[in-house]
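Contents: one structure, followed by commentary.
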Amino acid sequence: MIRQSRFRVFASLLALALVAPACSSDDDSSSSTAPPATNTGESPATSAGEPPATNAGASGGTLVFGASNDPRILDPALASDGESLRVATQIFEGLVTTKAGSTEIEPALATSWSANDEGTEWTFTVRTGVKFHDGTDFDAAAVCFNFDRWYNFTGPLQLNSGAYYWRVIFGGFAQNEPDSDAPETSLYKSCDAPSADTAVISLTAPSAAFLSGLVLPPFAIASPTALQDYEADKASVDGDGNPVPEGTFGTEHPIGTGPFKFEEWVPNDHLTIVRNDDYYGTPAILDSVIFRPITDNAARLQALQTGEIDGYDLVDPQDLETISSDSNLQLVERPSFNVGYVGFNQAIAPLDNLDVRKAIALGLNRQAVIDNVYSDSGQVPLEFMPPAVVGWTDEVTRYDYDLDAAKAALAASGLPLPVKIDFYYPSNVARPYMPDPQRIAEAFASDLDAVGFDVTLISQPWTPDYLDTTLSGNASVYLLGQTGDFGDPETFVGTFFRTNSPQWGFDDPELRQSLEDALRITDLDERAAAYVEINKTIMDILPGVPFAHSTSNLAFKSTVSGYVASPVTTESFATVSMSG
Amino acid sequence: MLRFALKRLLLAVPVLIGVSLLVFAWTRALPGGPAQALLGERATPAAVAAVERNYGLDRPILVQYGKYMSRVATGDLGRSITSRRAITTELKDRFPATVELALSAMFFAVAAGIPLGVVAAKHARKAIDHISLVGSLLGISMPVFFLALILKWAFAVKLGWLPSIGRLDVKLKLDRHTNFLVLDAIIGRNGTALVDALKHLVLPAVALGTIPLAIIARITRTAVLEVMTEDFVRTARAKGMSQRIVNRRHVLPNALLPVTTVIGLQTGLLLSGAILTETVFAWGGMGTWIFDAVAKRDYAVLQGGILFIVIVFVIVNLLVDIGYALIDPRIRLR
């Protein structure tokens, strides 16, 4: 009897189960979650590179943006990943910023600035009457509070996984922890606020990278009250020595002066910011922006097509066609701020031979790769930095594709043919400057085979294996690249060649010194001239062949307008609006 | 029964210690390390060494293991090296998401699989049986992510009936007490959120449930066919019982035994997270988390996450065994 009744319950559950899905799909068909995305294929897409018309749409509304990941931390001083900085850019502001869509420096919280002749003392006139989101006043003292905070970071906050950008621009800290491995000296000396609207920042040495560095979101000014109340610097160290942020500033109370205020963050689900109605400048148009982490690229595109999100970054080149042929969608192209290169390790034969390097440089059909792999959203570089950066020149030695010249160079090397080389490329990765490493490597390998090389392709997972192999100097010929951090040549040629990195396998003290010197020139013209010479030297040494400056793309619904893409990705949602 | 459960739980302790050792050794054997992954393109050997020092990764592996286990014993699973969030917090967020998806997928698989199996058995070696066989083979062999993409393309992109990503419309407000969103919506008496959460479940559950569905259908068919030839069934028929009553009272309950095992095992599998399905549907569960952790060499997540999954597996298996006893009175648990 008992068995029978148990079976009845089970059977009725089964019956219910069978009916339930049918019901729910009926419900769904009658609902209007999202209109089907029809693809007419007729309407022309917004032309790439042209920002959509500004502020044309209706005001208000909520924009849902598909992020590639969750942010790590909303305290900009401790952030270095793109998604954290994307959100921080909306909530916080620094002393200076870049003009929308370019690398040109513009006032933000500082209205003007000047440097002494030595370039070691910078006087900023800051805005008055500006309030932080918590209602406290912004003034010069708040600026100094922030600079002193960064300079006095202790413990795990000093790590590269903490104040990464401070280390990049300013070097060391007031008191370096023995384990932090931070640079010994610091560019930062002190900050004084003689009056409410004047902040004087003193440096230990002149640095032209200082001002271009200050446009970075990690140097945004946060509310001193909030930093203290929410214990932004409270980080203990757990049993394994891991930094453990204990305050809530970076997770629940990020408070700046920007056009948007933080509202809520449900990790792995969404993060919401809302318009700051008390903003001193032109207020944002949107009521709110919701960032939604979607790691899968195809899933982001589909979510845009279904209308679940209104836009996303890092469009796959293979999806460009789909988006541009859909009248409901549009692309916004971001100017190039990166370089992809074929690196040579001169410590490994035969790359020590300049003729071999020339043969490779001349033998790579880079334009064909740009055409085929980059879907036309890229250009062949002349040197290791994109044209947007000061010091770029077209007077470097050029290595245009020339099969005969490549064969001649290889013959001149005196090595018996075919010359064996190992060509490394990464798997499981797509970078803007390297959207499909395998296809690039295969195309280059067949180019080089035609020159007279015997190429062995070797592939490794991007991180950590591939980076480990290449950066530690164990790969002879390899694909790699760099996206710039801020509008300065230091972020490209300085990063590559100012220190003696094992990936290149050569040491040229003269080149290193000239990069060291150029870093300290404050006169802009003089500085540009120095980098022009450096770029010429580098392309004569030929430590590698830059093969692509790619442009990246964002995709939006066609009802979204006002998003201006920046080469340095300091992109504000304040000018964005939605219609319809 | 209680003694049995306790005994099995105690037996789980050495299993867990063994697994923790294996996972620990395995994560350390992966090439590269978290420092390299964390620093990425910016890694210099000196920076890598500094990070390793800071995370205690430069100490002997046995020392690292000892420290780890002593903290685990106090319920502290450490922090993710990449997201900086506590593993226990992440588990609280993610495990309910995975459970919700797994149970929905299983619900779909059982609800459709058992009737399909029974029908196929009743019509064994006839057209309907062959069709069901081909369907099952397709279900088993089609890659889940491919099916997921097709389902999304058809029902979300083209028809616009169902959402394609996530667990809830981000514009909907819902207090998350349990992080089982369906449950939270019911607790909060939020009808809109409930409907929305259920809609979000449909596509991933169907995609994920297809393989278990096919397996359950085949096992049910075989089991039913086998039981139908047993002596007691013939006896029952000979006693004059109608075929329907024989089926209901004797065939199905006996045939359900192997099916229960399969359901249990499959549930365990689903609970460990469906990597591809979760990624394709941007479902913030265990699968994507652990998958990411492998790529980023996030030791803390791998150790904590896998240990947790093993615990879940042990518990699910225990429940399956108890389930046996409930269905089959011949089984006595000791």
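Where a number appears in this text, it was derived from the coordinates with a stated rule and is not lab data. Quick caveat: nothing in here was measured; it's all calculated off a predicted structure. When we count neighbours, we look across all protein chains shown, and the Cβ atoms used for this are built from the backbone with ideal geometry, even at glycine.
Overview of values
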| item | result |
| --- | --- |
| Relative contact order of chain A, pairs being alpha-carbon contacts under 8 Å that are 6 or more residues apart, as % | 22 percent |
| Cut-off under 5 Å, modelled amide H: who pairs with A:ALA548 long-range | A:GLY340 |
| Beta bridges per DSSP with both ends in the protein assembly as shown, % antiparallel, nearest 5 | 75 percent |
| Dipole of the range B:91-293, positive direction: furthest Cα of B:ILE165, B:ALA238, B:THR178, with charges on the beta-carbon | B:ALA238 |
| Share of pairwise Cα separations in chain B, more than 26 Å, in percent | 60 percent |
| Ranking of A:PHE173, B:PHE232 by count of other Cβ atoms within 10 Å, fewest first | B:PHE232, A:PHE173 |
| Alpha-carbon centroid distance for the pair the range A:358-387 / the range B:290-334, whole angstrom | 52 Å |
| Amide N of the range A:59-86 lying under 17 Å from the label point, which is placed 7 angstrom from the Cα of B:THR192 along Cα→Cβ | A:61-64 |
| Estimated inter-spin distance, B:ALA295 and A:THR204, nm [label 7 Å along Cα→Cβ] | 3.9 nm |
| Modelled FRET efficiency - R0 45 Å, B:THR88 with A:SER325, Cβ distances, 0.05 increments | 0.45 |
| Cα-based convex hull volume of the protein assembly as shown per residue, rounded to whole Å³ | 192 Å³ |
| 14 Å reach of a label modelled at B:LEU326, 7 Å along Cα-to-Cβ, counting backbone N of the range B:167-202 | none |
| Kyte-Doolittle mean at least 0.0 and Cα axial length at least 30 Å: DSSP H helices in chain B | B:2-29, B:87-122, B:191-228, B:299-327 |
| Helical contribution to [θ] at 222 nm, DSSP H n ≥ 4, -39,500 (n - 2.57), averaged over chain A, rounded to 500 | -8500 deg cm²/dmol |
| Part-to-part distance (alpha-carbon centres) for the range B:63-122 and the range A:435-510, which is given in Å | 40 Å |
| Backbone N under 14 Å from the A:ASN500 label point (7 Å along Cα→Cβ), restricted to the range A:507-530 | A:507-513 |
| FRET E, pair A:ASP81, A:LEU403, Förster distance 25 Å, beta-carbon r, rounded to 0.05 | 0.05 |
| In order through the range B:152-167: 3J(HN,Hα) via Karplus (6.51 cos²θ - 1.76 cosθ + 1.60), integer Hz, x for Gly, Pro | 5, 4, 6, 8, 9, 6, 6, 8, x, 7, 10, x, 9, 9, x, 10 |
| Cut-off under 5 Å, modelled amide H: who pairs with A:THR198 long-range | A:VAL126, A:ALA140 |
| ³J(HN,Hα), Karplus 6.51/-1.76/1.60, whole Hz, each residue of the range A:491-500, x for Gly, Pro | 5, 10, 5, x, 4, 6, 10, 6, 9, 8 |
| Among A:ILE201, B:VAL99, A:GLY258 the positive-end extreme of the charge dipole of the protein assembly as shown (Cβ point charges) | B:VAL99 |
| Helix-only CD estimate at 222 nm, as mean residue ellipticity for chain B, using -39500 (n - 2.57) per DSSP H run (n ≥ 4) | -23500 deg cm²/dmol |
| Cα→Cβ-extended label distance, 7 Å offset, between A:GLN513 and B:ALA238, nm | 10.8 nm |
| Order of B:SER70, A:SER212, A:SER68, A:SER223 under a 10 Å beta carbon neighbour criterion, fewest first | B:SER70, A:SER68, A:SER212, A:SER223 |
| Amide H within-cut-off set for A:PHE506, under 5 Å, with H built and near neighbours excluded | A:GLN346 |
| The range A:307-320 - phi-based ³J(HN,Hα) in whole Hz, Karplus 6.51/-1.76/1.60, Gly and Pro as x | x, 6, 10, 9, x, 7, 9, 6, 5, 4, x, 5, 8, 4 |
| Neighbour-count ranking [beta-carbon atoms within 10 angstrom, fewest first] of A:GLU571, A:GLU93 | A:GLU571, A:GLU93 |
| Cα-based Rg and Dmax for the range A:219-378, where Dmax is the largest Cα-Cα distance (Å) | 23.4, 64 |
| Estimated FRET transfer efficiency when R0 is 41 angstrom, pair A:GLU184-A:LYS420 (beta carbons, to 0.05) | 0.40 |
| Cα→Cβ-extended label distance, 7 Å offset, between B:VAL15 and A:ALA411, nm | 7.2 nm |
| Span from the the range B:210-276 Cα centroid across to the the range A:105-157 one, whole angstrom | 72 Å |
| Among B:LYS122, B:LYS67, B:LYS199, residue whose mean-square fluctuation peaks in a GNM of chain B (springs only between Cα atoms under 10 Å) | B:LYS67 |
